[in-house]
1. Six or more apart or on different chains, Cβ under 7 Å: which pairs go from a residue in the range 601-616 that's more than 10 Å from Ser577 (Cα to Cα) to one that's in a helix (DSSP H, G or I)? Could you list them?
2. Does Ser256 satisfy the criteria of being small (Gly, Ala, Ser), at pLDDT below 85 and more than 23 Å from Gly138 (Cα to Cα)?
3. Filter the range 667-707 down to residues that are under 34 Å from the mean Cα position of the chain (by Cα) and loosely packed, with under 12 Cβ neighbours inside 10 Å and give me whichever is farthest from Gly35 (Cα to Cα).
4. Within the range 424-446, work out how many residues are without any contact (Cβ under 8 Å) to a residue 60 or more places away in the chain and crowded, with 23+ Cβ neighbours inside 10 Å.
5. Which of the residues that make up the range 165-174 are surrounded by fewer than 23 Cβ atoms within 10 Å (Cβ to Cβ) and under 26 Å from the mean Cα position of the chain (by Cα)?
6. Consider Asn620 against the criteria (1) within 28 Å of the chain's Cα centre (by Cα); (2) at pLDDT 80 or above; (3) open to solvent by less than 70 Å² (accessible area, probe 1.4 Å): it satisfies all of them except one. Which criterion is unmet?
7. From Asp374, Asp389, which residue is more than 22 Å from the chain's Cα centre (by Cα) and either at pLDDT 90 or above or surrounded by fewer than 20 Cβ atoms within 10 Å (Cβ to Cβ) (or both)?
Amino acid sequence: MMFRPKGCLRFLFSLITLAAAAAVCSLYAQNIPFGLRKTGNIPVIPFNSNDTLQNAWCGGFNAPQFYETDFNQDGFKDLIVFDRSGNKLLTFEYNSFNSKYAYKPEWEAFFPACFNWIIIQDYNGDGAPDLFTSAGNGIKVFRNLAQSGELPQFELVTDLLLSDYGNGPFNLYVSPVDLPAIHDMDGDGDLDVVTFYILGTCVEYHKNLSVELYGTTDSLKFALDNSNWGHFTESSTDNSVNLNDSCGRLGEARHSGSSLLMHDFDHDNDPDLFLGDVSYPELLVLVNQPENGRDIIIEYPSNYPDYSALKIDLFPAGFILQPDTNQDPMLVIAPNTDNQSINYGRVAKAFPTGNPNFDFTGTETPFLTHEAIDFGTSAYPCLIDLDTDGDLDLIAGTYGRFTPSGIPLVDGDYTASLSYLRNDGTNQLPVFRQVDNDLGSLLAGNFFHLAPAAGNLNGDEFPDLVVGTYNSGLLYLRQAPATGLFQLMDTLELENVPTFPVPALQDMNNDGKPDLVLGGRPGRFQYYINTSSGDNVQFEATPIIFEGLETIQEGVSNYGYSSPTFINYNDTLRMFSGSESGRLFCWNVFPSSLSVETQLVDSNYTFVNDGSRTAVALGNLGTGQFPMLIQGNKRGGLNLYQGEEALSIPKSVQKQTFRLFPNPANEFCILEFSAEGLTKHVTLIDLAGRQILQLETNSETATLPVGTLKQGLYLINCRFSNGETQTLKLIRK
């Protein structure tokens, strides 16, 4: 019998919303002023529309990949979206009543970290879809351990898939910029791999030998079966293919990006191929007509309707979705790169099945991506009462919206502007309506990377703007009183302005004037003292450096892309910053006349994870006593967090000192400690912060009974007698 989430599973998600949706909230509330919980409860109305965006706060899309799995166990397939831009995985529940998807970030915590691409397929036939992802130039595999009715639970099977190339097993090569196909090519029940040869040009078919060797589908043992699958080659000069080409592999130029999707679109019981190529908009439809037991690609069928419609700018990849088995499948196409591809609005298109002989021949419709706030590549939010009506409005800048050149291999252009989302509600019940998509008329200036900061600079009580740009320094825009119109006044003459500058306006020397604080690509912070007098707005040219502060995360990037914002909370000035790695930083700041003192609160605040190159804004919105945080990211969208009371669980400051198994657990779990000779105080806590069980032991192992607990997610905290602590998550199944 299929388990339905009406009881324990529904209860679980009332708890997960408290923590997993907020990156398990905070595990060290003694340091942080408030926790953060991801939400989407502020309506957003896009430009020239009266309709509220369905998934406004999901964070936007640049290079989304789409897969299905019924993770909420309601009988319908939900949606996993993995975006190459920032390597971010998003989860959407399918609503069978309106056939729409709703962003549900609480599910994201159940999936492993992925890079470059993912494919979700059930390789071992147990009914729980497994996960394949990039391992650099290869494939990493995670097995889904969930049984029927259980939550997703992934275990690493191999961090590098191997294949026998004829002289022993080697890395099964997949370029990190490609998207391979994982498909049952020979109909024997196990999953095979189709990928481009390491130098490009031709396609390899790696056969899974699981059924042949073991009689089951649950193994991943591969051998190269065909080094020129389909007997065709991809052109090295354009996106055409050469039929009946043997692929001599005589040092042809390596292709720079291709996407592969296998599907029997003409219903003749053999796998056909949808092929996308970098720098080109068309998703090629290649028909398979086997000869003598070998797959052969033939001429495109002239009777396949609307072939020319299968295109998107640029580098298309195809995905097949069928959330309701009572409906026909649809083909979704989207860009497979976050560079030189369409990056806002209708990023993805869906093609339904409209012909009994061929799949995916119906009229295209936008798919999911048009339902989000999305400004292009990167988003820089700023909260300010721009219209002086007493509530906070939202301004957002962007690196730019991409417009293709229309000529293959010729780069397109990025153009940036500022968007103004006016608050038509109140601070307690905000409603954002986009009333201007070119605030200050900067679009005509051909800028890219526009990062705004707002504040009263000339003393007239109407907020003005300082805008960081990549190619023109820092712009000063003055607001004409009571009109909402901005005039570009000047470029601020300042020394040592970082590349990709992100400004904030904050009084740092307690003289009543907003000073200019800058972050940027180097990942550091500096401020310029405001020396303005009336309409003569200026800052001291030489900055004061925030010593010892940076947002660089080693192993991720050599840059930090710091993005400061300030809030005075509980009589303490706090500076928050996004980063290249996506970590959220927080410092307590103590301004003085000649310098600034800071105290690190945390360099991974509440474990917020919205992808890379994040930027933040904070403001007193909503009905609670805590501020809200809006965070932009490289995908060009925004995420919304409600501040809340943080969980009072101490932070672990040492390496892991205990482990628990089995996990998920049914009747009991065993705790195994690596620390000898220390007393261990163990506390089991639910996600509402309640202590469920406590024990104390001096042994190296302990058994924790969990059979009477409700299904769900719990925290186990262990405090050792030497002062060290460690907290792990436990799933009661």
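The values are calculated or read from the model by the stated rules, or taken from the named source; none is laboratory data. Model, not experiment: these values are computed from the prediction. Here Cβ is always computed from backbone atoms with ideal geometry, including for glycine, and neighbour counts include all displayed protein chains. Ligands, DNA and RNA are stripped out before the accessible areas are found, and what is left, the full protein with its side chains, is counted by its heavy atoms. Shrake-Rupley method; radii C 1.70, N 1.55, O 1.52, S 1.80 Å.
1. So the pair list comes out as Thr606/Ala22.
2. Taking the combined requirement at face value, the residue does not satisfy it.
3. Gln691
4. Count: 3.
5. First, the residues of the range 165-174 that are surrounded by fewer than 23 Cβ atoms within 10 Å (Cβ to Cβ): 165-171, 173.
Tyr173, the sole residue that qualifies.
6. Asn620 satisfies all of (1) within 28 Å of the chain's Cα centre (by Cα); (2) at pLDDT 80 or above; (3) open to solvent by less than 70 Å² (accessible area, probe 1.4 Å) except (3).
7. Selected residue: Asp389, the only one of Asp374, Asp389 that is more than 22 Å from the chain's Cα centre (by Cα) and either at pLDDT 90 or above or surrounded by fewer than 20 Cβ atoms within 10 Å (Cβ to Cβ) (or both).
Listed here are the residues, each with its yes/no results for (1) charged (D, E, K, R); (2) touching a Leu at 6+ places or on another chain (Cβ under 7 Å); (3) on the phi > 0 side of the Ramachandran plot; (4) at pLDDT 95 or above.
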site: Pro430; (1), (2), (3), (4): no, yes, no, yes
site: Asp436; (1), (2), (3), (4): yes, no, no, yes
site: Leu439; (1), (2), (3), (4): no, yes, no, yes
site: His449; (1), (2), (3), (4): no, no, yes, yes
site: Asn456; (1), (2), (3), (4): no, no, no, no
site: Glu461; (1), (2), (3), (4): yes, no, yes, no
site: Ala482; (1), (2), (3), (4): no, no, yes, no
site: Leu488; (1), (2), (3), (4): no, yes, no, no
site: Leu492; (1), (2), (3), (4): no, yes, no, no
